[in-house]
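Accompanying notes for the structure given below.
The values are calculated or read from the model by the stated rules, or taken from the named source; none is laboratory data. Source: prediction; values computed, not measured. All Cβ positions, glycine included, derive from the backbone under ideal geometry; neighbour counts span all protein chains shown. Heads up: the accessible areas ignore ligands, DNA and RNA and are worked out on the full protein's heavy atoms, side chains in. Shrake-Rupley method; radii C 1.70, N 1.55, O 1.52, S 1.80 Å.
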Amino acid sequence: MIGDEVYLVLWYKGDIATPIYSFDARRGHVGQARHSSSDLLSRRAYFNTIPRPAVLEISPVGPEDEGEYRCRVDFRKAQTRNYQIAVRVLGKLSYS
């Protein structure tokens, strides 16, 4: 949002009530934000703010990562936005 900043980003998976990943910029600006991931992601995730829009990167991806994800974005001034995405894991790529 022009003239506004992201305050907090929370990622949820399925029906899990607690966030599986959080990006917390409430104590400063985005460059000073705290990143935190749950055991579910086992340090495989990172919220990358360089691309626009920002993305949650998970690597390596496995079958357990398939499912519905919800993202809640709180801004300093603007209204909270919620997004939902379905992730489907198709399998490993093999190179010959």
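I'd like the residue in the stretch 6-35 that is at pLDDT 95 or above and among the polar types (S, T, N, Q) and, out of all such residues, is most open to solvent (accessible area, probe 1.4 Å).
Top of the filtered list is 18.
Just name the residue that is most open to solvent (accessible area, probe 1.4 Å) out of those in the stretch 36-81 that are closer than 18 Å to residue 15 by Cβ and in a loop (DSSP other than H, G, I, E, B).
From the stretch 36-81, those closer than 18 Å to residue 15 by Cβ are 38-41, 64-72; that's our starting set.
Now narrow it down to the ones that are in a loop (DSSP other than H, G, I, E, B): 38-41, 66.
Details: 38: 33, 39: 142, 40: 78, 41: 2, 66: 85 Å².
The selected residue is 39.
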